[in-house]
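These notes are about the structure you will find just below.
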Amino acid sequence: MLDYDLHCHSTVSDGLLTPTEIVTRAAERGVKFLALTDHDNVDGLEEAATTAKSCGIELINGVEISVSWRTHTLHIVGLHIDPKNAALVEGLHHIRSGRRHRAELMAESLARAGIGGVLEGAYRYAANQDIIGRTHFARYLVETGHCKDVGSVFKRYLVKGKPGYVPHQWANLQDAIDWIRGAGGIAVLAHPGRYTAGRKAMGKSTLVELLEEFTAMGGKGIEVVTGSHTQPQYAEFARYATKFGLLSSCGSDYHGPGESYRDLGRLPDLPMECIPIWSAWQAAAA
Ligand code: AMP
Ligand code: MN
Ligand code: MN
Ligand code: MN
C-alpha cells in the first residue's frame, strides 16, 4: 500500500465527490499525500487544501490537462503546480471553452442515432457546468436505461467510431507542458496504457515517438501504477520509465463510488526499479 495517490477527480470536473469528500475519503483510507487532478480545472484545490489541513494529510496541487497529439487525445497530469499562475489559468480556461460546443455536437449526433434530450440530461450531472464531459453523458445514459453502466456507455456510444463521439481539438502537447512547468509543476504522462489499447490505439512505435517528444518538450514523469493499468502494464511502463529517464507516478484516477476500478489509496507499490515522482520535490525541499 502506497502513501501516495497522485491522480483523482472531484465534482469540479467529472468526479462524484466534492473536493472535501475526496480528501476526507483519501485520509480515511490511509493516503498521506494526495493530488487532486481535475480535468482542465484547478478550482477545487483551495477547498481540498483546507480539508487536507484539518485531516492532517498533504494536498498536492494538481491538474489533468486534455491534449490533442496527432490523432490521439492524451492526458497530461501537472503536479505541484501553482494554481494561481496566470498562463496556466488562461490556458485551462481556453480548453474548457470548447466543451459546451462539443457537448452540443455530441447531443445532436446521439439524437440522429435516436436518443434525444441528452444535452439537458448530461448537464444535470455536471456539478460544474463549465466542464461538461463524456462522463456526464454516460451517467445520464445509464439513468435512462440505455446501458447498464458507465463503461458500457463509453463502449457503445462515446469512443471513436461510435455515434456519440465527436472529435475535438484540445491543447497542444508543448503548451500543456509549458503551462505546467511555468506554474512550477512537473508534467506527467497519464495512464499511457490507455493509449495503446482499444480499437484506435497507437502502435508501440508511435508510443516511443510520443515518449521521445514528451521528454524533449520537458515532460518528466509517467504514470506506471494507475487504476486503468493491468499488472503486466505496471512492468511494461516501468521499463519505458527507465528507458526514457522518466520519474514514475501512481494514482488511482478515482472518480467516485461504484465507478472506479481502484479506490483512493488502494494501489500496489511501484515496481522496484522505478524512481518515484516524489523524489523530485523531496530533493527540492531538502
Ligand atoms: P472527456 O474529457 O469529456 O472526453 O472525458 C474523458 C473522461 O471520460 C475520462 O477522464 C474518464 O473519466 C472517462 N472515460 C474515458 N474512457 C472511459 C471508459 N472507457 N470507461 C469509463 N470512463 C471513461
Ligand atoms: Mn475523468
Ligand atoms: Mn485521464
Ligand atoms: Mn483522470
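We did not get these values from a lab; they are worked out from the coordinates using the rules stated. Source: prediction; values computed, not measured. With ideal geometry, Cβ positions are generated from the backbone for all residues, glycine too; neighbour counts draw on all protein chains shown.
Table for the structure above
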read-out	value
Highest-fluctuation residue, Leu264, Leu141, Leu79 considered, GNM on the chain with Cα pairs under 10 Å	Leu141
Dipole magnitude of the chain, debye to nearest 20 (Cβ charges: Lys/Arg +1, Asp/Glu -1, about Cα centre)	980 debye
Within a Gaussian network of the chain (alpha carbon springs, distance under 10 Å), most fluctuating of Gly30, Gly56, Gly44	Gly56
Relative contact order [Cα under 8 Å, 6+ residues apart], segment 1-156, whole percent	18 percent
Prolate/oblate/rounded label for segment 99-158 (Cα gyration tensor, a/c 1.5)	oblate
The chain - convex hull of alpha carbons, volume per residue in Å³	119 Å³
Sorted by Cβ density within 10 Å, fewest first, the residues Met106, Met217, Met202, Met272	Met272, Met217, Met202, Met106
Student exercise, segment 211-286 dipole from Lys, Arg, Asp, Glu Cβ charges, in Debye to nearest 20	160 debye
Simple label model, 7 Å out from Cα along Cβ direction - Glu108 to Asp130, nm	2.6 nm
Mean Cα-pair separation over length for the chain, i.e. relative contact order, pairs under 8 Å, 6 or more apart, %	21 percent
Rounded, prolate or oblate (a/c below 1.5 giving rounded, otherwise prolate when a/b exceeds b/c) for segment 161-286 by Cα gyration tensor	rounded
In nm, spacing of pseudo-spin labels at Cys147 and Lys32 (7 Å Cα→C-beta vector)	3.9 nm
Cβ-based exposure ranking for Ile132, Ile277, in which fewest neighbours within 10 Å come first	Ile132, Ile277
Amide H contacts of Asn61 (H built 1.01 Å from N, under 5 Å, at least 5 apart or other chain)	His80, Ile81
Label-point separation, His94 to Arg70 (7 Å along Cα→Cβ), nm	2.4 nm
Anisotropy class of segment 124-210 from Cα gyration tensor, a/c 1.5 cut	oblate
Rel. contact order, % - alpha carbon contacts under 8 angstrom, at least six apart, segment 99-158	26 percent
